[in-house]
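Comments concern the structure below.
Each value in this text was obtained by applying a stated rule to the coordinates, not by laboratory testing. These numbers come from a predicted model, not from an experiment.
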């Protein structure tokens, strides 16, 4: 996980287009961009770089918002 990623606990902290990491037990299971939000159930959908779409539930995953600063820090 990039050290500039910030853990979030609700889809109210997201907007469409945000980059996220979804982890289980410290292992990244999914990385992608938020495409749809469903705040009443605290769920959102994201699409990864190869086009796989996944629903993300905060009860199932530890979710991290990847900031532009984190992306820039990864560039050698």
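Some values worked out for this structure:
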item	result
Relative contact order (%) - the chain, alpha-carbon pairs under 8 angstrom, separation at least six	37
Linear extension gain, residue 67 paired with residue 31, 0.36 nm per residue minus alpha-carbon span	11.7 nm
The chain: C-alpha pair distances exceeding 16 Å, %	44
Computed lengthening from residue 13 to residue 60, 0.36 nm per intervening residue step minus Cα-Cα distance	15.2 nm
